[in-house]
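Supplied in structure tokens, the structure appears directly below.
The values are calculated or read from the model by the stated rules, or taken from the named source; none is laboratory data. Source: prediction; values computed, not measured. Here Cβ is always computed from backbone atoms with ideal geometry, including for glycine, and neighbour counts include all displayed protein chains. Remember, those area values only see protein heavy atoms, side chains included, never the ligands or the DNA or RNA. Shrake-Rupley method; radii C 1.70, N 1.55, O 1.52, S 1.80 Å.
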Amino acid sequence: MAGTPPEPPPIRVVLPNAEAVTGRLYERRQTPDGWVYRVAVPAWQNTPEGAVEPAWYVVWVKAPDHVRPVDGISYDDVATTRLPPPSTVREILGERRPSGWVLQKLDGGRGPGRGVVHAVDCEEAPAGAPVLTLDKALDAAEHPGTRLCSLCGAAAELDPVLRGFDHGGD
């Protein structure tokens with residue numbers, strides 16, 4: 001019949017007691033920890049009239065721990081979702097640094113006195129300091145006596161915004 005989807009291919013599903021039953025494979029999905037397969041295994045259910053009829057129990061199982069291919073069966077047409085490949089930029093540069101900045105208050109933290117604005121992951125940043133948004137970091141940096149850390153790059157990131165991009169070459 002036209003428009004009728006093909007029946008999902010058979011697959012061997014390994015039950016917790018190590019018994020294997022033939023089920024149907026509906027979907028495969030890659031996760032950071034490996035692959036999971038959405039399978040249906042045969043079961044039985046009671047009808048309201050008191051009869052027993054076949055039914056399918058659909059569940060996600062970890063592959064290859066709980067599934068085995070059936071010899072001679074192609075799984076090429078099974079819906080498969082892969083994780084996106086890592087970007088070339090991320091492969092070269094590594095993971096992105098966390099966003100945000102923190103203010104290290106000097107002089108005991110009394111009033112708007114002296115301070116240093118650091119990137120969140122700077123080794124010199126105070127532990128437990130609240131994370132500042134860009135606007136809050138710029139506000140803090142405009143206070144007299146506050147400087148931007150050059151060790152972690154806060155100065156390189158925030159100076160152009162404070163001074164304006166078009167004045168950088170003067």
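Looking at Val59, Val14 in this structure, which one is over 30 Å from Pro86 (Cα atoms) and of a type in the set (A, V, I, L, M)?
Criteria check complete, one pass: Val14.
Among what's in the stretch 116-154 and is open to solvent by less than 50 Å² (accessible area, probe 1.4 Å), assigned to a loop (DSSP other than H, G, I, E, B) and aliphatic (A, V, I, L, M), pick the residue that is nearest to Arg97 (Cα to Cα).
In this case the residue turns out to be Val120.
For residues that are part of a strand (DSSP E or B) and in contact with a Leu (Cβ under 7 Å, 6 or more places away or on another chain), scanning just the stretch 25-77, find the one that is least open to solvent (accessible area, probe 1.4 Å).
If we filter the stretch 25-77 for residues that are part of a strand (DSSP E or B), which is where we start, we get 25-31, 34-46, 52-63, 67-68.
Of the ones still in play, those that are also in contact with a Leu (Cβ under 7 Å, 6 or more places away or on another chain) are 30, 37, 39.
On the way: Gln30: 59, Tyr37: 41, Val39: 0 Å².
Only one residue fits best here, namely Val39.
Pairs only if they're at least six apart or on different chains, beta carbon under 8 angstrom, first in the stretch 69-84 and under 14 Å from Leu25 (Cβ atoms), second loosely packed, with under 11 Cβ neighbours inside 10 Å and of a type outside the set (S, T, N, Q); list them, first residue then second.
Within 8 Å, the pairs are Asp77/Pro6.
Of all residues in the stretch 91-102, which are of a type outside the set (Lys, Arg), open to solvent by 50 Å² or more (accessible area, probe 1.4 Å) and either outside any loop (DSSP other than H, G, I, E, B) or modelled with pLDDT of 70 or more (or both)?
Selection gives Glu91, Ile92, Leu93, Pro98, Ser99.
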